[in-house]
Structures are given as structure tokens and as C-alpha cells.
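Report on the structure given below.
The values are calculated or read from the model by the stated rules, or taken from the named source; none is laboratory data. Because the structure is predicted, anything quoted here is derived from the model rather than measured. Cβ: placed from backbone, ideal geometry, glycine included. Neighbour counts: every protein chain shown. These area figures cover heavy atoms from the full protein model, side chains too; ligands, DNA and RNA do not enter into them. Shrake-Rupley method; radii C 1.70, N 1.55, O 1.52, S 1.80 Å.
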Amino acid sequence: MTGQDPYALAGEAAESIRAATEVDTHDVALVLGSGWAAAADRIGDVRADIELSSLPGFPPPSVAGHRNLLRSVEAGGRNLLVFGGRAHLYEGHEPDTVVHGVRTAAAAGCSTVILTNAAGGLNPEWPVGQLVMIEDQINITGRSPMAGPPPPDDQPGRFSDMTDAYSPALRALAHRVDDGLADGVYVGLLGGNYETPAEIRMIATMGGDLVGMSTVLEAIAARHLGLDVLGISLVTNLAAGLSPAPLAHGEVLEAAKEAETRVVDLIRGVLAGMPSS
Ligand code: HPA
């Protein structure tokens with residue numbers, strides 16, 4: 001994406017989505033993380049499927065458990081844009097590419113984004129399969145979508161406020177939908193490898209409850225554009241040093257598969273309970 005205005009590129013992608021779906025305005029974007037991809041099939045009525053990488057600015061997802069799919073779905077009277085996969089920093093992508101889906105969703109009309117992910121859990125009381133509402137985040141990737149050339153004049157300035165980054169109202173709604181949800185602080189790392197036990201001890205000291213390799217830059221970009229954010233982590237393993245076994249992506253996907261039904265019920269319930277925009 002070097003040299004190109006990322007906001008203009010998001011506008012182009014949103015135009016392509018309008019043309020392909022014949023839906024003028026989408027309301028809610030749902031980004032499916034590792035292992036959540038199957039949820040795309042059970043959220044609502046499918047209107048249109050687009051190959052994600054056929055849209056301007058989207059690389060094909062390269063990580064197992066992610067789909068090269070953008071789906072327009074009608075659910076609970078809302079037009080939903082479901083991203084079957086996402087781009088990560090650890091794949092070598094720049095922050096602008098990592099947050100391109102969120103900026104495209106905003107340009108397509110979305111005022112809410114639901115960010116999902118698989119995460120390691122630091123709380124020893126959380127079993128594998130625990131769903132956790134992200135209450136706040138710590139970005140230790142060393143990158144930000146707000147660093148670099150300033151946003152163009154027709155966009156908000158770069159110093160976006162990150163107080164209440166994860167919407168208190170949406171979190172309260174999610175708790176009403178599923179009373180088994182936990183709350184936690186998500187710590188986003190560059191990734192490419194799992195953490196060492198020493199890193200996990202550091203993260204526990206700094207107040208982290210969940211570790212993962214996504215989400216934090218997308219939440220920053222979403223808040224910059226004024227979107228409400230709901231973040232949900234599925235604990236697929238205990239974090240390194242707490243886990244009795246070495247960590248492996250296959251197990252992450254397996255744990256996600258087992259949680260599919262609960263995940264779908266939660267998202268459907270949240271969509272049904274959201275105040276109409
Ligand atoms: N660490 C980082 N990312 C992850 C983990 C983890 O333990 N589990 C799933 N994604």
C-alpha cells in the first residue's frame with residue numbers, strides 16, 4: 001500500500017462492496033479471528049459473497065483458520081459485513097494493511113465493529129474455550145495505524161482518544177446475552193511466535209489477562225473513525241509457562257471449533273439486542 005492514501009483505498013474497497021452486494025449501507029462489521037471463521041456460516045442470511053483479495057487493498061489471508069471471504073449478511077434487521085479473515089503484522093503487513101478492513105467497513109457505513117480473536121489466557125481459572133470480553137487493551141506491537149503521514153483533511157486528526165476504546169454499552173449488552181462471559185485486558189504483540197514464560201510474567205505484571213497477535217491496531221483505527229468496538233477473545237490455551245503443554249496452532253483451531261455454537265449464539269444475541277442506528 002506504500003505511497004497510496006489508505007483512506008482513499010478504503011473508499012475504493014467500499015465502493016466495490018456496494019457494487020458487488022447491491023447493499024448501499026452496511027451497519028456492523030464482524031472480523032473473524034483464528035478459528036472463528038465458521039461463524040460466518042451461521043450468523044444470518046447470506047446476501048453476497050466476495051473474494052476478499054479481489055477487493056482493493058486486501059491481501060489473501062495466509063493463516064490457517066482464516067478464509068479469503070467477505071460476506072454480506074442480513075441478521076437481526078441489520079446489514080452485516082463479515083470478514084472471514086484478517087491481515088496480521090507478523091505476516092509482514094504494514095499497519096495500514098492490518099487495519100484496512102476496519103477502514104473499509106467505516107467507509108461502507110458501519111458504525112460498529114466486532115473484533116474477535118483467539119488468545120492465550122493468563123488467568124489460570126479460565127478453561128480452554130472461555131469467552132472473554134475485552135475491557136481494555138495494551139498495544140506492545142511497537143506499531144500504530146496512527147503513526148506515519150497524518151490522516152487527510154477530511155478525516156479526524158491522528159491523536160485518537162483510547163479511553164473506553166471497547167464500548168461499555170456493548171460490553172454490558174454482551175454480558176446480558178451470555179452470563180458466562182469473563183472480562184479481561186488484551187495485550188497485543190507483534191507475534192510470529194508464541195511468548196516465553198518470562199514474557200508472560202512481564203505481561204501479567206503490566207496488567208494483561210489475554211495475549212494475542214491481532215486486534216489492537218484494528219481497535220485503534222476503529223476508534224479513530226468513531227466506530228463503537230466490541231472485542232471478544234476465545235481462550236484457546238493457557239499462556240506459555242502456565243500451560244502444561246507446548247503451544248501449537250492446531251490446538252488453537254481445535255479449541256475454537258468446540259466453542260463454535262456458543263460463539264455464534266453470543267454474536268447473534270448481541271446483534272439482536274443492539275439499539276437500531
Ligand atoms: N499467545 C499469542 N497468541 C495466541 C495465543 C497465545 O498463547 N493463543 C492464541 N493466540
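What residue, of A10, A40, is touching a residue at least 40 places away in the same chain (Cβ under 8 Å) and more than 24 Å from R158 (Cα to Cα)?
Residue meeting the stated conditions: A40.
For region 68-114, which residues satisfy the criterion of being more than 13 Å from L52 (Cα to Cα), charged (D, E, K, R) and surrounded by fewer than 24 Cβ atoms within 10 Å (Cβ to Cβ)?
The answer is E74, R78, E91, E94, D96.
Could you tell me which of the residues S243, S214 is touching a residue at least 24 places away in the same chain (Cβ under 8 Å), in a loop (DSSP other than H, G, I, E, B), within 12 Å of the ligand (Cβ to nearest atom) and under 26 Å from A107 (Cα atoms)? Write out each step before concluding.
Numbers: S243 fails: under 26 Å from A107 (Cα atoms).
Residue meeting the stated conditions: S214.
If a residue has to be open to solvent by 60 Å² or more (accessible area, probe 1.4 Å) and part of a helix (DSSP H, G or I) to count, how many in region 250-277 make the cut? Break it down into steps so the answer makes sense when it comes.
Keep residues of region 250-277 that are open to solvent by 60 Å² or more (accessible area, probe 1.4 Å), which gives 251, 254, 257-258, 261-262, 265, 268, 272, 275-277.
The next check asks that each one be part of a helix (DSSP H, G or I); those that pass are 251, 254, 257-258, 261-262, 265, 268, 272.
The total comes to 9.
Given the conditions (1) at pLDDT 95 or above; (2) charged (D, E, K, R); (3) within 15 Å of the chain's Cα centre (by Cα), and given that R143 satisfies all but one, which numbered condition is not satisfied?
Failed condition: (3).
Check whether at least one residue in region 198-213 is among the hydrophobic types (A, V, I, L, M, F, W, C) and over 16 Å from N123 (Cα atoms), and report yes or no.
Checked against the condition, which is being among the hydrophobic types (A, V, I, L, M, F, W, C) and over 16 Å from N123 (Cα atoms), region 198-213 yields at least one hit.
Which residue, of G57, G65, is among the small types (G, A, S), without any contact (Cβ under 8 Å) to a residue 60 or more places away in the chain and either open to solvent by 30 Å² or more (accessible area, probe 1.4 Å) or more than 21 Å from V229 (Cα to Cα) (or both)?
Unique residue meeting the criteria: G57.
Evaluate the following for S233: is it in a loop (DSSP other than H, G, I, E, B) and touching a residue at least 12 places away in the same chain (Cβ under 8 Å)?
So S233 fails the test.
One line per residue, one yes/no per condition, for (1) open to solvent by 20 Å² or more (accessible area, probe 1.4 Å); (2) over 18 Å from the mean Cα position of the chain (by Cα):
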| residue | (1), (2) |
| --- | --- |
| P150 | yes, yes |
| D153 | yes, yes |
| R158 | yes, yes |
| S167 | no, no |
| R171 | yes, no |
| H175 | yes, yes |
| D178 | yes, yes |
| A182 | no, no |
| Y186 | no, no |
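A quick yes/no check of all residues on (1) basic (K, R); (2) open to solvent by 30 Å² or more (accessible area, probe 1.4 Å):
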{"site": "A8", "(1), (2)": "no, yes"}
{"site": "R18", "(1), (2)": "yes, yes"}
{"site": "E22", "(1), (2)": "no, yes"}
{"site": "G33", "(1), (2)": "no, no"}
{"site": "A37", "(1), (2)": "no, no"}
{"site": "A48", "(1), (2)": "no, no"}
